[in-house]
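Enquirer: Supplied in structure tokens, the structure appears directly below.
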Amino acid sequence: MQSASAIAHPNIAFIKYWGNRDDNLRLPENGSISMNLDGLSTRTQVTFSAGLPSDRFTLNGVSVTGPGLERVSRFLDLFRRLSGVQLPAEVQSTNDFPTGAGIASSAAAFSALSQAAAAALDLSLTDQQLSRLARRGSGSACRSVPGGFVEWLPGGSDEDSFAVSIAPPDHWDLTDCIAIVSNRHKPVGSTAGHALAKTSPLQAARVADTPRRLEICRSAILQRDFDALSSVVELDSNLMHAVMMSSTPPLFYWEPASLNVMKSVPFWRKHGVPACYTLDAGPNVHVICPSAAAGTVCQRLEQIPGVMRVLKAGVGGPARRLDPSLV
Ligand code: PMV
């Protein structure tokens, strides 16, 4: 029996990944930048054992079968192939945040699973190799492997498509105030969504302009320039959602309350409260602000009709293996 546990944080993209050049390898159309979310996490234990009839997967104590289990099994095959160990595995994962509603649960999940599977099989892999493997489970998972502020270099092949840290967690004291407007699982997951991106006539323009936005975002982070960060983060989110809404079939991830938040935040900013919004493939709104403003921002978000509650997350560290004696 070979077992290990790991923990990883979800991340929120400032410059979004939407659409693949290669769906199977999850090679993205464009580079992306994100921040890991401290305080929110996925813990995963993986045990490879000859005593199991086949792979098993439980998420938050509930057994997962069908396509969910199939995805985990295909992912574990990558590790079985690398190690030569052909044993079935049991994966137990728990999230301490709502699954499937725009807080990238698959990113934390596949990042933690990569760390745990590699450790259980005694594979000694570099962070780049782990990031490449995590990418195969869910593209954005490659960004939850390194810590802090992270850029996914899109690359041209499996070998050179991975994420690197551009600044450590303590570089800039930002908080993500996440306005939860729905706990429901999203109707169209991001794997299916990526495949639709190319049906939007706006996708080519969004992708072509991405190097410019990446540059603005990267230097805003390095210079801790919140004004510059705000405009590029909101623009990038709007561009991705414009692509989603103009795909065939169209994808509408927003709820009315999402728009309430999106209209309030720039108004607050205009009146001196530094904050900006961004949404992933779900209705919850991530409102990024310097931590000094987080109290005010959270209080105001709680007043907005349709906002059920607000979660707070600082800048998170890398995925890491958990000390076996503490598990
Ligand atoms: O990693 P995936 O396939 O769940 O895609 C994530 C897509 C977005 O969250 C919408 C954007 C991003 O860059 O995280």
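Here, each number is a calculation from the coordinates, and none is a lab measurement. Values in this document were obtained by computation on a predicted structure and should not be read as measured data. Virtual Cβ from ideal backbone geometry, glycine too; neighbours counted across all protein chains shown.
Enquirer: Using a cut-off of 13 Å between beta-carbons, work out the net charge of the residues near G147 (Lys and Arg +1, Asp and Glu -1, G147 not included). Walk me through the numbers before you get to the answer.
Expert: Details: positive: R143, R320; negative: D38, D127, E151, D170.
Combined, the nearby Lys, Arg, Asp and Glu give -2.
Enquirer: Using the Karplus curve 6.51 cos²θ - 1.76 cosθ + 1.60 with θ = phi - 60°, work out ³J(HN,Hα) for each residue of the stretch 137-150 in order, rounded to whole Hz, and write x for Gly and Pro.
Expert: Residue by residue, the stretch 137-150 yields x, 7, x, 5, 5, 5, 7, 8, 7, x, x, x, 9, 10 Hz.
Enquirer: Amide H to amide H under 5 Å from I166: which residues, 5+ apart in sequence or cross-chain, H placed 1.01 Å off N in plane?
Expert: Close amide H contacts, sequence-distant or interchain: F149, V150, E151.
Enquirer: Mind grabbing the base-10 log of I(q)/I(0) for the stretch 117-256 at q = 0.10, 0.13 Å⁻¹? Debye formula, identical points on the C-alpha positions, no solvent, two decimal places.
Expert: Results for the stretch 117-256 at q = 0.10, 0.13 Å⁻¹ read -0.43, -0.74.
Enquirer: For the chain, which span is the longest to avoid every loop-located (per DSSP) member of trypsin sites (Lys or Arg not before Pro) having at most 15 other Cβ atoms inside 10 Å?
Expert: 1-183
Enquirer: Here's another thing I want to ask about it. Calculate the length of the line joining the C-alpha centroid of the stretch 1-78 to that of the stretch 247-263, in whole Å.
Expert: Answer, in whole Å: 26.
Enquirer: Determine the relative contact order of the stretch 195-327: mean sequence separation of Cα pairs under 8 Å and six or more apart, normalised by residue count, in whole percent.
Expert: 20
Enquirer: If amide hydrogens are placed 1.01 Å from N in the peptide plane, which non-local residues have theirs closer than 5 Å to the one on S32?
Expert: W152
Enquirer: Return the equivalent ellipsoid semi-axes of the chain as a descending list in whole Å, where each equals the square root of 5 times an eigenvalue of the C-alpha gyration tensor.
Expert: 32, 21, 19
Enquirer: Return the calculated 222 nm mean residue ellipticity for the chain, to the nearest 500 deg cm²/dmol, obtained by summing -39500 (n - 2.57) across DSSP H runs with n ≥ 4 and dividing by the residue count.
Expert: The helix contribution divided over the chain gives -11000 deg cm²/dmol.
Enquirer: At a threshold of 8 angstrom on Cα-Cα distance, excluding pairs fewer than six apart, so keeping six or more, what relative contact order does the chain reach in percent?
Expert: Reported relative contact order: 26 percent.
Enquirer: Mind listing the phi-derived Karplus ³J(HN,Hα) values for the stretch 4-11, rounded to whole Hz, using 6.51, -1.76 and 1.60 with θ = phi - 60°, and x for any glycine or proline?
Expert: Going residue by residue, I get 7, 10, 8, 10, 8, 9, x, 9 Hz, with x marking Gly and Pro.
Enquirer: How high is the relative contact order of the stretch 43-177? Use alpha-carbon pairs under 8 Å, at least six apart in sequence, and give a whole percent.
Expert: Working: 214 pairs, mean separation 29.0, N = 135.
Result for the stretch 43-177 is 21 percent.
Enquirer: Along the stretch 57-71, what does the Karplus equation 6.51 cos²θ - 1.76 cosθ + 1.60 (θ = phi - 60°) give for ³J(HN,Hα), rounded to whole Hz, x for Gly and Pro?
Expert: Computed from phi, the couplings for the stretch 57-71 are 9, 10, 10, 6, x, 9, 5, 9, 10, x, x, x, 5, 4, 5 Hz.
Enquirer: Starting from the Cα of K312, draw a straight line to each of the aspartates and glutamates and keep only those under 18 Å, dropping any in the same chain fewer than 8 residues away.
Expert: D38, D96, D170, D173, D176, D280, E302
Enquirer: Could you tell me the center-to-center distance, by alpha carbons, between the stretch 278-327 and the stretch 104-167 in angstrom?
Expert: For the stretch 278-327 versus the stretch 104-167, the Cα centre distance is 21 Å.
Enquirer: Rounded to a whole number, what is D in µm²/s for the stretch 174-313 from Stokes-Einstein with the Kirkwood radius over alpha-carbon pairs (4 °C, 1.567 mPa s)? Don't skip to the end; give the middle numbers.
Expert: Values: Rh = 15.7 Å.
It comes out at roughly 83 µm²/s.
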